[in-house]
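A short write-up of the structure that comes next.
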Amino acid sequence: MRYRMTALAAAVAMPFAVPAGATDLEVTHWWTSGGEAAAVAELAKAFDATGNKWVDGAVAGGGNTARPIMISRITGGDPMGATQFNHGRQTEELIQAGLLRDLTDLANKEGWANLVQPKSLLDSCTVDGKIYCAPVNIHSWEWLWLSNKAFEDAGVPVPKNWDEFVAAAPALEKAGKIPLAIGGQPWQSGGALRVLMVAIGGPDVYQKVYGDKDAEVAAGPEVAKVFAAADNARKMAAKSNVQDWNQATNLVITGQAGGQIMGDWAQGEFQVAGQVAGKDYTCLPGLGMHEVISTGGDAFYFPKLADEGKSKAQEALASALLDPKTQVAFNLKKGSLPIRGDIDLGAANDCMKKGLAILAKGGTIPSGEQLMSQDSLNQINDLFVEFFNTPSMTPEAAQKRFAEIVGTAD
Ligand code: BGC
(Lines give C-alpha, C1' and ligand atoms only; values in the text may rest on other atoms or scores of the structure.)
Protein backbone atom coordinates (compact mmCIF):
# COMPACT_ATOMS: atom_id res chain seq x y z
CA MET A 1 0.00 0.00 0.00
CA ARG A 2 2.11 2.91 -1.23
CA TYR A 3 0.41 6.20 -1.84
CA ARG A 4 2.32 8.70 -3.90
CA MET A 5 0.53 11.72 -5.26
CA THR A 6 1.65 15.11 -6.35
CA ALA A 7 0.36 18.05 -4.34
CA LEU A 8 -1.68 19.12 -7.35
CA ALA A 9 -3.31 15.72 -7.82
CA ALA A 10 -4.05 15.59 -4.10
CA ALA A 11 -5.63 19.03 -4.26
CA VAL A 12 -7.86 17.95 -7.13
CA ALA A 13 -8.90 14.74 -5.34
CA MET A 14 -9.62 16.44 -2.03
CA PRO A 15 -13.15 17.61 -1.38
CA PHE A 16 -11.79 20.43 0.76
CA ALA A 17 -8.89 22.85 0.48
CA VAL A 18 -5.52 21.31 1.16
CA PRO A 19 -3.88 23.16 4.05
CA ALA A 20 -0.72 25.04 3.21
CA GLY A 21 2.27 22.81 3.82
CA ALA A 22 0.31 19.56 3.41
CA THR A 23 2.79 16.84 2.60
CA ASP A 24 3.65 13.15 2.26
CA LEU A 25 4.73 11.45 5.44
CA GLU A 26 6.26 8.00 5.56
CA VAL A 27 4.87 5.96 8.45
CA THR A 28 6.54 2.68 9.41
CA HIS A 29 4.97 -0.20 11.38
CA TRP A 30 4.98 -4.01 11.52
CA TRP A 31 1.30 -4.55 10.81
CA THR A 32 1.30 -6.92 7.86
CA SER A 33 -1.28 -9.64 8.67
CA GLY A 34 -4.79 -9.43 7.19
CA GLY A 35 -6.37 -7.99 10.34
CA GLU A 36 -3.47 -5.61 10.93
CA ALA A 37 -3.57 -4.31 7.35
CA ALA A 38 -7.31 -3.66 7.65
CA ALA A 39 -6.74 -1.72 10.88
CA VAL A 40 -3.80 0.38 9.71
CA ALA A 41 -5.78 1.40 6.62
CA GLU A 42 -8.09 3.25 9.05
CA LEU A 43 -5.15 5.27 10.37
CA ALA A 44 -4.05 6.10 6.83
CA LYS A 45 -7.60 7.18 6.00
CA ALA A 46 -7.76 9.47 9.03
CA PHE A 47 -4.41 11.06 8.23
CA ASP A 48 -5.23 11.53 4.54
CA ALA A 49 -8.40 13.35 5.61
CA THR A 50 -6.16 16.08 7.06
CA GLY A 51 -5.02 16.80 3.50
CA ASN A 52 -1.64 15.17 4.04
CA LYS A 53 -0.67 11.84 2.54
CA TRP A 54 0.19 8.63 4.45
CA VAL A 55 3.05 6.82 2.70
CA ASP A 56 2.88 3.32 4.04
CA GLY A 57 6.13 1.79 5.27
CA ALA A 58 5.05 -1.66 6.48
CA VAL A 59 8.00 -3.82 7.57
CA ALA A 60 7.30 -7.57 7.46
CA GLY A 61 8.54 -10.14 9.94
CA GLY A 62 7.02 -8.93 13.22
CA GLY A 63 8.28 -6.50 15.83
CA ASN A 64 11.57 -8.24 16.52
CA THR A 65 12.59 -7.92 12.88
CA ALA A 66 11.03 -4.54 12.22
CA ARG A 67 12.25 -2.67 15.31
CA PRO A 68 16.00 -2.90 14.60
CA ILE A 69 15.35 -1.69 11.03
CA MET A 70 13.35 1.28 12.27
CA ILE A 71 15.91 2.12 14.94
CA SER A 72 18.84 1.96 12.53
CA ARG A 73 17.06 4.24 10.07
CA ILE A 74 16.58 6.81 12.82
CA THR A 75 20.12 6.55 14.19
CA GLY A 76 21.58 6.35 10.68
CA GLY A 77 20.15 9.67 9.51
CA ASP A 78 17.34 8.30 7.32
CA PRO A 79 14.34 8.91 9.58
CA MET A 80 10.76 8.21 8.59
CA GLY A 81 8.01 10.71 9.41
CA ALA A 82 6.53 8.56 12.16
CA THR A 83 6.88 5.03 13.42
CA GLN A 84 5.08 2.49 15.55
CA PHE A 85 6.73 1.00 18.62
CA ASN A 86 5.24 -0.66 21.67
CA HIS A 87 4.85 2.07 24.22
CA GLY A 88 7.18 1.39 27.08
CA ARG A 89 10.92 1.09 27.14
CA GLN A 90 11.79 0.34 23.50
CA THR A 91 12.70 3.95 22.65
CA GLU A 92 14.71 4.90 25.75
CA GLU A 93 18.00 5.16 23.86
CA LEU A 94 16.52 7.07 20.92
CA ILE A 95 15.05 9.61 23.33
CA GLN A 96 18.30 9.92 25.25
CA ALA A 97 20.13 10.52 21.97
CA GLY A 98 17.74 13.40 21.24
CA LEU A 99 16.44 11.80 18.04
CA LEU A 100 12.73 11.81 18.83
CA ARG A 101 10.41 14.75 18.90
CA ASP A 102 8.98 16.12 22.12
CA LEU A 103 5.17 16.26 21.76
CA THR A 104 4.46 17.90 25.10
CA ASP A 105 3.11 21.19 23.69
CA LEU A 106 0.65 19.39 21.42
CA ALA A 107 -0.34 17.00 24.21
CA ASN A 108 -1.00 19.91 26.57
CA LYS A 109 -2.95 21.83 23.95
CA GLU A 110 -5.18 18.83 23.29
CA GLY A 111 -5.44 17.79 26.93
CA TRP A 112 -4.09 14.26 26.44
CA ALA A 113 -3.51 13.89 30.17
CA ASN A 114 -7.28 14.10 30.75
CA LEU A 115 -8.22 11.92 27.79
CA VAL A 116 -5.81 9.03 27.87
CA GLN A 117 -6.75 6.10 30.10
CA PRO A 118 -5.28 4.35 31.96
CA LYS A 119 -2.75 6.97 33.00
CA SER A 120 0.08 4.44 32.68
CA LEU A 121 -0.17 4.74 28.87
CA LEU A 122 0.89 8.37 28.81
CA ASP A 123 3.40 7.70 31.60
CA SER A 124 4.99 5.17 29.26
CA CYS A 125 5.36 7.92 26.65
CA THR A 126 6.90 10.30 29.16
CA VAL A 127 10.60 10.74 29.90
CA ASP A 128 11.82 13.48 32.26
CA GLY A 129 8.38 15.08 32.18
CA LYS A 130 8.23 15.27 28.38
CA ILE A 131 5.79 13.32 26.21
CA TYR A 132 7.37 11.53 23.26
CA CYS A 133 4.60 9.37 21.85
CA ALA A 134 0.96 9.25 20.83
CA PRO A 135 -0.59 6.01 22.11
CA VAL A 136 -3.16 4.42 19.75
CA ASN A 137 -4.38 1.34 21.56
CA ILE A 138 -4.24 -0.99 24.53
CA HIS A 139 -3.18 -4.48 23.54
CA SER A 140 -2.92 -7.25 26.06
CA TRP A 141 -1.03 -10.49 25.75
CA GLU A 142 -2.93 -12.53 28.33
CA TRP A 143 -5.40 -14.45 26.18
CA LEU A 144 -6.11 -18.01 25.11
CA TRP A 145 -7.97 -18.24 21.78
CA LEU A 146 -9.91 -21.46 21.31
CA SER A 147 -11.50 -23.03 18.23
CA ASN A 148 -15.01 -24.17 19.15
CA LYS A 149 -14.99 -26.50 16.12
CA ALA A 150 -11.78 -28.27 17.19
CA PHE A 151 -13.34 -29.18 20.54
CA GLU A 152 -16.60 -30.19 18.94
CA ASP A 153 -14.72 -32.47 16.53
CA ALA A 154 -12.85 -33.96 19.48
CA GLY A 155 -16.09 -34.52 21.39
CA VAL A 156 -15.06 -32.52 24.46
CA PRO A 157 -16.49 -29.27 25.84
CA VAL A 158 -14.69 -26.00 25.12
CA PRO A 159 -12.37 -25.48 28.13
CA LYS A 160 -12.98 -22.70 30.60
CA ASN A 161 -9.40 -22.42 31.79
CA TRP A 162 -5.83 -23.55 31.18
CA ASP A 163 -6.15 -26.68 33.35
CA GLU A 164 -9.18 -27.89 31.39
CA PHE A 165 -7.35 -27.08 28.17
CA VAL A 166 -4.37 -29.25 29.17
CA ALA A 167 -6.76 -32.03 30.21
CA ALA A 168 -8.46 -31.88 26.79
CA ALA A 169 -5.19 -32.18 24.82
CA PRO A 170 -5.25 -36.01 24.47
CA ALA A 171 -8.80 -35.89 23.01
CA LEU A 172 -7.71 -33.21 20.55
CA GLU A 173 -4.69 -35.24 19.52
CA LYS A 174 -6.85 -38.33 19.05
CA ALA A 175 -9.03 -36.29 16.69
CA GLY A 176 -5.93 -35.34 14.67
CA LYS A 177 -5.64 -31.79 16.03
CA ILE A 178 -2.65 -29.83 17.27
CA PRO A 179 -3.65 -28.90 20.83
CA LEU A 180 -1.67 -25.65 20.98
CA ALA A 181 -0.63 -23.56 17.97
CA ILE A 182 2.46 -21.41 18.32
CA GLY A 183 4.68 -19.81 15.69
CA GLY A 184 8.46 -20.32 15.66
CA GLN A 185 9.51 -16.67 16.14
CA PRO A 186 11.14 -16.24 19.57
CA TRP A 187 8.86 -13.39 20.69
CA GLN A 188 5.89 -15.75 20.54
CA SER A 189 7.23 -18.33 23.00
CA GLY A 190 8.73 -15.57 25.17
CA GLY A 191 5.33 -13.88 25.23
CA ALA A 192 3.60 -17.16 26.09
CA LEU A 193 5.92 -17.52 29.09
CA ARG A 194 4.85 -14.10 30.43
CA VAL A 195 1.21 -15.08 29.96
CA LEU A 196 1.78 -18.32 31.89
CA MET A 197 3.62 -16.35 34.56
CA VAL A 198 0.47 -14.27 35.17
CA ALA A 199 -1.98 -17.16 34.75
CA ILE A 200 -0.19 -19.79 36.86
CA GLY A 201 2.09 -17.69 39.09
CA GLY A 202 -0.34 -14.78 39.49
CA PRO A 203 0.14 -11.03 38.98
CA ASP A 204 2.41 -10.63 42.05
CA VAL A 205 4.90 -13.22 40.89
CA TYR A 206 4.85 -11.66 37.41
CA GLN A 207 5.56 -8.22 38.89
CA LYS A 208 8.40 -9.55 41.07
CA VAL A 209 10.05 -11.32 38.15
CA TYR A 210 9.61 -8.84 35.28
CA GLY A 211 9.24 -5.64 37.30
CA ASP A 212 11.59 -6.12 40.29
CA LYS A 213 13.90 -8.53 38.41
CA ASP A 214 13.94 -10.71 41.52
CA ALA A 215 16.20 -13.65 40.63
CA GLU A 216 15.29 -15.51 43.82
CA VAL A 217 11.60 -15.55 42.98
CA ALA A 218 12.49 -16.48 39.38
CA ALA A 219 14.40 -19.51 40.69
CA GLY A 220 11.76 -20.41 43.30
CA PRO A 221 8.83 -22.82 43.67
CA GLU A 222 6.09 -20.52 42.27
CA VAL A 223 7.98 -20.06 39.03
CA ALA A 224 8.76 -23.80 38.94
CA LYS A 225 4.99 -24.31 38.54
CA VAL A 226 5.06 -21.88 35.62
CA PHE A 227 7.87 -23.86 33.98
CA ALA A 228 5.92 -27.10 34.46
CA ALA A 229 3.02 -25.43 32.61
CA ALA A 230 5.43 -24.26 29.91
CA ASP A 231 6.60 -27.87 29.59
CA ASN A 232 2.97 -28.89 28.99
CA ALA A 233 2.64 -26.07 26.46
CA ARG A 234 5.65 -27.19 24.43
CA LYS A 235 4.41 -30.81 24.39
CA MET A 236 1.00 -29.62 23.22
CA ALA A 237 2.67 -27.49 20.56
CA ALA A 238 5.12 -30.15 19.31
CA LYS A 239 3.36 -30.45 15.94
CA SER A 240 2.74 -26.73 15.46
CA ASN A 241 4.87 -26.24 12.40
CA VAL A 242 4.41 -22.55 11.52
CA GLN A 243 6.51 -19.39 11.86
CA ASP A 244 4.28 -16.32 11.91
CA TRP A 245 1.78 -15.65 14.69
CA ASN A 246 -1.09 -15.21 12.24
CA GLN A 247 -0.35 -18.60 10.64
CA ALA A 248 -0.78 -20.08 14.11
CA THR A 249 -4.04 -18.14 14.52
CA ASN A 250 -5.13 -19.55 11.18
CA LEU A 251 -4.68 -23.09 12.54
CA VAL A 252 -7.20 -22.16 15.24
CA ILE A 253 -9.55 -20.40 12.80
CA THR A 254 -9.65 -23.50 10.59
CA GLY A 255 -10.12 -25.87 13.54
CA GLN A 256 -6.81 -27.66 12.94
CA ALA A 257 -5.57 -26.52 16.34
CA GLY A 258 -7.38 -26.30 19.67
CA GLY A 259 -5.98 -22.98 20.84
CA GLN A 260 -3.30 -20.33 20.79
CA ILE A 261 -1.82 -18.15 23.52
CA MET A 262 -1.57 -14.75 21.85
CA GLY A 263 -2.27 -11.09 22.33
CA ASP A 264 -5.67 -9.69 21.45
CA TRP A 265 -4.42 -8.61 18.01
CA ALA A 266 -5.43 -12.19 17.10
CA GLN A 267 -9.01 -10.88 17.04
CA GLY A 268 -8.30 -8.98 13.84
CA GLU A 269 -7.63 -12.31 12.09
CA PHE A 270 -10.84 -13.97 13.36
CA GLN A 271 -12.72 -10.91 12.16
CA VAL A 272 -11.20 -10.89 8.66
CA ALA A 273 -12.07 -14.62 8.46
CA GLY A 274 -15.70 -13.75 9.29
CA GLN A 275 -15.70 -15.64 12.60
CA VAL A 276 -17.88 -14.61 15.51
CA ALA A 277 -16.62 -14.44 19.10
CA GLY A 278 -18.60 -16.73 21.38
CA LYS A 279 -19.92 -18.75 18.43
CA ASP A 280 -16.94 -19.84 16.33
CA TYR A 281 -14.22 -19.13 18.85
CA THR A 282 -13.84 -18.54 22.55
CA CYS A 283 -11.40 -16.28 24.34
CA LEU A 284 -10.15 -16.73 27.88
CA PRO A 285 -8.51 -13.65 29.40
CA GLY A 286 -5.74 -14.61 31.84
CA LEU A 287 -6.16 -18.16 30.46
CA GLY A 288 -9.25 -18.34 32.67
CA MET A 289 -7.00 -18.47 35.75
CA HIS A 290 -6.24 -14.86 36.75
CA GLU A 291 -8.46 -12.47 34.82
CA VAL A 292 -6.12 -9.55 34.36
CA ILE A 293 -4.84 -7.90 31.22
CA SER A 294 -1.69 -5.94 30.60
CA THR A 295 -1.85 -2.41 29.29
CA GLY A 296 0.77 -2.67 26.59
CA GLY A 297 0.05 -1.65 23.06
CA ASP A 298 1.17 0.54 20.25
CA ALA A 299 2.18 4.16 20.06
CA PHE A 300 3.57 6.39 17.37
CA TYR A 301 6.88 8.18 17.77
CA PHE A 302 8.07 11.05 15.62
CA PRO A 303 11.72 11.45 14.67
CA LYS A 304 12.98 15.03 14.66
CA LEU A 305 12.86 16.32 11.08
CA ALA A 306 14.39 19.46 9.60
CA ASP A 307 11.53 19.99 7.12
CA GLU A 308 8.97 22.36 8.62
CA GLY A 309 6.09 21.07 6.48
CA LYS A 310 6.72 17.50 7.57
CA SER A 311 6.98 18.57 11.20
CA LYS A 312 3.53 20.14 10.91
CA ALA A 313 2.23 16.96 9.30
CA GLN A 314 3.60 14.97 12.24
CA GLU A 315 1.40 17.02 14.55
CA ALA A 316 -1.61 16.48 12.30
CA LEU A 317 -0.96 12.74 12.43
CA ALA A 318 -0.58 12.68 16.20
CA SER A 319 -3.91 14.53 16.58
CA ALA A 320 -5.66 12.26 14.10
CA LEU A 321 -4.49 9.15 15.96
CA LEU A 322 -6.17 10.24 19.18
CA ASP A 323 -9.32 11.48 17.49
CA PRO A 324 -12.41 9.63 18.80
CA LYS A 325 -13.54 8.56 15.32
CA THR A 326 -10.11 7.14 14.48
CA GLN A 327 -10.02 5.38 17.83
CA VAL A 328 -13.31 3.59 17.15
CA ALA A 329 -12.58 2.63 13.52
CA PHE A 330 -9.02 1.49 14.17
CA ASN A 331 -9.54 -0.44 17.41
CA LEU A 332 -12.61 -2.32 16.20
CA LYS A 333 -10.51 -3.73 13.34
CA LYS A 334 -7.34 -4.18 15.38
CA GLY A 335 -8.99 -6.07 18.25
CA SER A 336 -7.45 -3.64 20.72
CA LEU A 337 -9.07 -1.34 23.25
CA PRO A 338 -9.22 2.44 22.80
CA ILE A 339 -6.88 4.68 24.77
CA ARG A 340 -9.66 7.14 25.62
CA GLY A 341 -12.23 6.62 28.32
CA ASP A 342 -14.87 8.67 26.47
CA ILE A 343 -15.28 6.27 23.53
CA ASP A 344 -18.47 4.37 22.88
CA LEU A 345 -17.45 0.93 21.70
CA GLY A 346 -20.99 -0.35 21.30
CA ALA A 347 -19.97 -2.47 18.32
CA ALA A 348 -17.34 -4.35 20.35
CA ASN A 349 -17.50 -8.14 20.09
CA ASP A 350 -17.74 -10.56 22.99
CA CYS A 351 -14.02 -10.73 23.60
CA MET A 352 -13.46 -6.98 23.43
CA LYS A 353 -16.32 -6.59 25.90
CA LYS A 354 -14.53 -8.95 28.29
CA GLY A 355 -11.39 -6.82 27.90
CA LEU A 356 -13.33 -3.58 28.48
CA ALA A 357 -14.97 -5.01 31.61
CA ILE A 358 -11.59 -6.02 33.05
CA LEU A 359 -10.22 -2.58 32.21
CA ALA A 360 -13.20 -0.88 33.89
CA LYS A 361 -12.66 -2.74 37.14
CA GLY A 362 -8.93 -1.93 37.07
CA GLY A 363 -7.76 -5.50 36.50
CA THR A 364 -4.63 -4.34 34.75
CA ILE A 365 -0.92 -5.04 34.99
CA PRO A 366 1.98 -3.38 33.15
CA SER A 367 3.14 -5.07 29.95
CA GLY A 368 6.50 -6.80 29.65
CA GLU A 369 7.63 -3.98 27.36
CA GLN A 370 6.80 -1.45 30.07
CA LEU A 371 8.66 -3.37 32.79
CA MET A 372 11.79 -4.76 31.18
CA SER A 373 14.24 -3.52 28.56
CA GLN A 374 13.87 -5.02 25.12
CA ASP A 375 17.41 -6.44 25.34
CA SER A 376 16.54 -8.43 28.45
CA LEU A 377 13.22 -9.55 26.98
CA ASN A 378 15.05 -10.72 23.85
CA GLN A 379 17.35 -12.89 25.94
CA ILE A 380 14.33 -14.56 27.54
CA ASN A 381 12.69 -14.95 24.11
CA ASP A 382 15.81 -16.70 22.79
CA LEU A 383 15.93 -19.03 25.79
CA PHE A 384 12.28 -19.86 25.33
CA VAL A 385 12.40 -20.67 21.67
CA GLU A 386 15.32 -22.99 22.50
CA PHE A 387 13.22 -24.59 25.26
CA PHE A 388 10.34 -25.14 22.84
CA ASN A 389 12.65 -26.63 20.20
CA THR A 390 14.77 -28.82 22.50
CA PRO A 391 12.74 -31.57 24.15
CA SER A 392 15.83 -32.73 26.06
CA MET A 393 16.08 -29.39 27.91
CA THR A 394 14.34 -29.97 31.24
CA PRO A 395 12.03 -27.33 32.75
CA GLU A 396 14.44 -27.20 35.71
CA ALA A 397 17.41 -26.41 33.46
CA ALA A 398 15.39 -23.76 31.61
CA GLN A 399 14.25 -22.18 34.88
CA LYS A 400 17.84 -21.98 36.11
CA ARG A 401 18.91 -20.11 32.98
CA PHE A 402 15.82 -17.93 33.19
CA ALA A 403 16.66 -16.91 36.77
CA GLU A 404 20.19 -16.00 35.66
CA ILE A 405 18.82 -13.72 32.93
CA VAL A 406 16.36 -12.14 35.36
CA GLY A 407 19.23 -11.52 37.81
CA THR A 408 21.12 -9.42 35.25
CA ALA A 409 18.08 -7.88 33.53
CA ASP A 410 17.30 -4.16 33.55
C1 BGC B 1 1.82 -5.13 18.51
C2 BGC B 1 0.51 -5.46 17.83
C3 BGC B 1 0.77 -6.39 16.67
C4 BGC B 1 1.54 -7.60 17.14
C5 BGC B 1 1.82 -8.63 16.06
C6 BGC B 1 2.60 -6.38 18.84
O7 BGC B 1 3.88 -6.01 19.28
O8 BGC B 1 1.57 -4.42 19.69
O9 BGC B 1 -0.11 -4.29 17.39
O10 BGC B 1 -0.45 -6.75 16.08
O11 BGC B 1 2.77 -7.18 17.67
O12 BGC B 1 2.36 -8.07 14.93
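Leaving out ligands, DNA and RNA, what percent of the accessible area of segment 264-410 is carbon and sulfur, probe 1.4 Å?
Numbers: 3020 of 5770 Å².
Looking at segment 264-410 in its full context, I get 52 percent from C and S.
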* Asked: What are the ³J(HN,Hα) values, in whole Hz, obtained from phi via the Karplus relation 6.51 cos²θ - 1.76 cosθ + 1.60 with θ = phi - 60°, for each residue of segment 300-315 in sequence order, with x given for Gly and Pro?
  -> 9, 10, 10, x, 5, 10, 6, 5, 5, x, 5, 5, 5, 5, 4, 5
* Cβ-defined net charge surrounding G35, 14 Å radius [Lys, Arg +1; Asp, Glu -1] -> -4
* Asked: Can you give the net charge of the other residues whose Cβ lies under 10 Å from the Cβ of I200, counting K and R as +1 and D and E as -1?
  -> -1
* Over segment 237-328, with a single point scatterer placed on each C-alpha, what log10 of the ratio I(q)/I(0) does the Debye formula yield at q = 0.11, 0.15, 0.19 1/Å? -> -0.53, -0.78, -0.98
* Asked: Picking from F47, S392, L193, whose Cα lies most toward the positive end of the charge dipole for the chain (charges on Cβ: Lys, Arg +1; Asp, Glu -1)?
  -> F47
* Along the charge dipole of the chain, which of Q96, A320, A257 sits closest to the positive end, that is, farthest toward it, with unit charges on the beta carbon of Lys, Arg, Asp and Glu (+1, +1, -1, -1)? -> A257
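With a cut-off of 8 Å between alpha carbons and a minimum separation of six or more residues, what is the relative contact order of the chain in percent?
Values: 758 pairs, mean separation 108.9, N = 410.
The normalised contact order for the chain reaches 27 percent.
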* To do: Quick one: among I74, I200, I261, which has the greatest mean-square fluctuation in a GNM of the chain with alpha-carbon springs under 10 angstrom?
  => I74
* Dimensionless Rg ratio for segment 156-254, taking C-alpha atoms and the 2.2 N^0.38 Å reference -> 1.15
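Taking a ≥ b ≥ c as the square roots of the Cα gyration tensor eigenvalues, with a/c under 1.5 meaning rounded and otherwise prolate when a/b beats b/c, else oblate, which class fits segment 67-150?
Oblate, since a/c reaches 1.5 and b/c is not below a/b.
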* Asked: Lysine pairs in segment 20-179 with alpha-carbon atoms under 27 Å apart, 8 or more places apart or on different chains: how many are there?
  -> 11
* Asked: Got a number for the accessible area of S373? Probe 1.4 Å, square angstrom, nearest 10.
  -> 10
* Per the helix-only calculation at 222 nm, which mean residue ellipticity applies to the chain, given -39500 (n - 2.57) for every DSSP H run of n ≥ 4 and division by its residues, nearest 500 deg cm²/dmol? -> -14000 deg cm²/dmol
* Among all the aspartates and glutamates, which ones have a C-alpha under 12 Å from K312's C-alpha, if same-chain residues fewer than 8 places away are not counted? -> D24
* To do: Return the Cα extents of the chain along principal axes one, two and three, sorted largest first, each rounded to a whole Å.
  => 64, 45, 37
* Asked: Hey, if we sort H139, H290 by accessible area with the 1.4 Å probe, largest down, what's the order?
  -> H290, H139
* Structure fact -> Given unit charges at Cβ for Lys, Arg (+) and Asp, Glu (-), the dipole magnitude of segment 236-359 about its Cα centre in debye, nearest 20, is 100
* What is the set of long-range amide H partners of N137 at a cut-off below 5 Å, with H atoms built 1.01 Å from backbone N? -> D298
* Structure fact -> Most packed first (mean Cβ within 10 Å per residue), the peptides 93-102, 311-320, 236-245 order as 311-320, 236-245, 93-102
* Name every cysteine in the chain that ends up alone, with no second cysteine's Cβ under 4.7 Å, or say none. => none
* Provide the net charge surrounding V328, with neighbours chosen by a C-beta distance below 14 Å and charges set as Lys +1, Arg +1, Asp -1, Glu -1. => +1
* C-alpha long axis of helix 34-48 to longest principal axis of the chain, angle in ° -> 20
* Asked: What is the packing order of peptides 54-63, 326-335, 339-348, taking the mean over residues of other C-beta atoms within 10 Å and listing the highest first?
  -> 326-335, 54-63, 339-348
* Structure fact -> Toy charge model, Lys and Arg Cβ at +1, Asp and Glu Cβ at -1: the chain dipole around Cα centroid in debye, rounded to 20, equals 660
* To do: Could you check which residue among A154, A134, A397 shows the biggest mean-square fluctuation in a GNM of the chain with a 10 Å Cα cutoff?
  => A397
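The values are calculated or read from the model by the stated rules, or taken from the named source; none is laboratory data. Keep in mind that this is a model prediction, so the values were computed, not measured. Ideal geometry is used to build each Cβ from the backbone, glycine not excepted, and the neighbour counts take in all protein chains shown. The accessibility values were calculated without ligands, DNA or RNA, using every heavy atom of the protein model including side chains. Shrake-Rupley method; radii C 1.70, N 1.55, O 1.52, S 1.80 Å.
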